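Here the structure comes first, spelled out in structure tokens, and everything after it is commentary.
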Amino acid sequence: MPVLSLGYLRLAVESADRWDPFVRDFIGMMPVEGPSPDALHYRMDDYPPRLVVTESPTPRLEAAGFEVLNRSDLKDLVSRVEAAGIPTHAGTAEECALRQVTGFAAFNDPSGNRVELFYGPVLSHRRVELPHLSGFVTGDQGMGHILLNCVDTEAAYEFYVGVLGFTERNSLELPGGTSYFLGCNARQHTLGLSPASGPALLHFMVETTEIDDVGKALDRAHDLDVPMMQSLGKHTNDRMLSFYTYSPEGHATEIGWGGERIEDSMPTYRITEGAVWGHRYTPPPAGAKGLPQ
Ligand SMILES: [Fe+2]
């Protein structure tokens, strides 16, 4: 069985002091104590912290964690990854404890992006407290979606579709190559592959349960001077109503509502515009980080 959803992101960042208000006060995730004293942990639901941020002189995507069904599926998928010529690392008991999962395996995708496949999240039974919003859309759709920079999007496509079992939902032709949008559950896309010169996390999206949550997030971006990247708009593929800001590391950070659920198999298609309306672009302000290229 293919991967189920995006489960977590682990980011190494330049300044934890800049990330904490961005995640806590702007995005609205719940800060919690976690197993690693050096990291910031944020919950979105009853899963272990979906976002873990560690300060480092070398900011990078430490791992994109994708959930799989159980131990047996992890074993099967690891065998497929190894058969594709990619070495894997089996998570130790200590590493599992840091992620609050029962088991995981880690490896680099063909572009060098670090991926972890995990099963058995250790749930919290204390209600998540999200004072800024009604809630995040997670459950069978996972924590949201990401776009990864890929040196060779065709090789990345072959890996994620052919080995990990993602489904191509749509593509977009760009001057630098083709971007692919892949799904693994009802969320229209969980993973996007973008042509670039090196690996990086380009973008992440979280979805809120009510439309007013997006409006209130716009208000918080204004009040907290979070740099705007794309104005309010509606996407052509997942029909998401959303806007984008720059994270302190320059990631395109999208907060959206109303993403379409794809319940049945659907023929893939090519889009020619990213938005039906809106999503007007603003470059990063002077001194701020742009998107990782
Ligand atoms: Fe997005």
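Every number here is computed from the coordinates shown, using simple stated rules; none is lab data. Computed from a prediction, not measured in an experiment: that's the story for all the values here. Ideal geometry is used to build each Cβ from the backbone, glycine not excepted, and the neighbour counts take in all protein chains shown.
Straight-line reach from residue 234: taking Cα to Cα under 21 Å and skipping same-chain neighbours fewer than 8 places apart, the lysines in range are 216.
Tell me the relative contact order for the chain as a rounded percent, counting alpha carbon contacts under 8 Å between residues six or more apart.
Numbers: 724 pairs, mean separation 50.8, N = 293.
Over the chain, the number comes to 17 percent.
Using 0.36 nm times the number of residues separating residue 46 and residue 281, minus their current alpha carbon distance, what extension gain do you get? Don't jump to the answer; show the numbers that get you there.
Numbers: separation 235, 0.36 × 235 = 84.60 nm, distance 3.46 nm.
That pair, residue 46 and residue 281, stretches by 81.1 nm at full extension.
Only Cα sites of region 40-192 enter the Debye sum here, all with the same form factor; the resulting log10 I(q)/I(0) across q = 0.15 1/Å is -0.88, listed in q order. When each of 277, 19 is scored by the number of other beta-carbon atoms lying within 10 Å, the sequence from fewest to most is 277, 19. Of the residues 144, 215, 28, the one that moves most in a GNM of the chain with alpha-carbon contacts below 10 Å is 215.
Plugging the Kirkwood radius over Cα pairs into Stokes-Einstein for region 54-131, at a temperature of 10 °C and a viscosity of 1.306 mPa s, what D comes out in µm²/s? The partial results should precede the final answer.
Values: Rh = 13.8 Å.
It comes out at roughly 115 µm²/s.
With θ taken as phi - 60° and the Karplus curve 6.51 cos²θ - 1.76 cosθ + 1.60 applied, the whole-hertz 3J(HN,Hα) list for region 200-215 is 4, 7, 8, 7, 9, 10, 10, 10, 9, 7, 10, 4, 5, 5, 6, x Hz, x standing for glycine and proline.
Convert 25 °C to kelvin, take the viscosity as 0.890 mPa s, use the Kirkwood radius over C-alpha pairs of region 116-171 as Rh, and evaluate the Stokes-Einstein diffusion coefficient in µm²/s, rounded to a whole number. Each step should come with its number before you reach the end.
On the way: Rh = 14.8 Å.
Stokes-Einstein gives a translational diffusion coefficient of 166 µm²/s.
Distance between the pseudo-spin-label points of residue 17 and residue 92 (7 Å out from Cα toward the beta carbon): 3.3 nm.
Treat the count of other C-beta atoms within 10 Å as a stand-in for reagent exposure and order 243, 107 from fewest to most. Display every interim value, and only then the final one.
Details: 243 22, 107 17.
Lowest count first: 107, 243.
Distance between the C-alpha centres of region 23-95 and region 234-274: 23 Å, rounded to the whole angstrom. When shorter helices are ignored and each DSSP H run of at least 4 residues is given -39500 (n - 2.57), the per-residue value for the chain at 222 nm works out to -4000 deg cm²/dmol. For the chain, compute Rh as the Kirkwood radius over C-alpha pairs and then the Stokes-Einstein diffusion coefficient at 25 °C and 0.890 mPa s; write the answer in µm²/s, rounded to an integer. Taking Rh from Cα pairs, D becomes 128 µm²/s.
Taking every alpha-carbon pair in region 139-278 and binning the separations at 5 Å intervals from zero gives 2, 10, 19, 23, 21, 14, 7, 3, 0 percent.
Neighbour counting of Cβ atoms within 10 Å sorts the residues 96, 150, 184, fewest neighbours leading, into 96, 184, 150. In summary, region 5-121 shows an alpha-carbon radius of gyration equal to 1.08 times the 2.2 N^0.38 Å reference for compact globular proteins.
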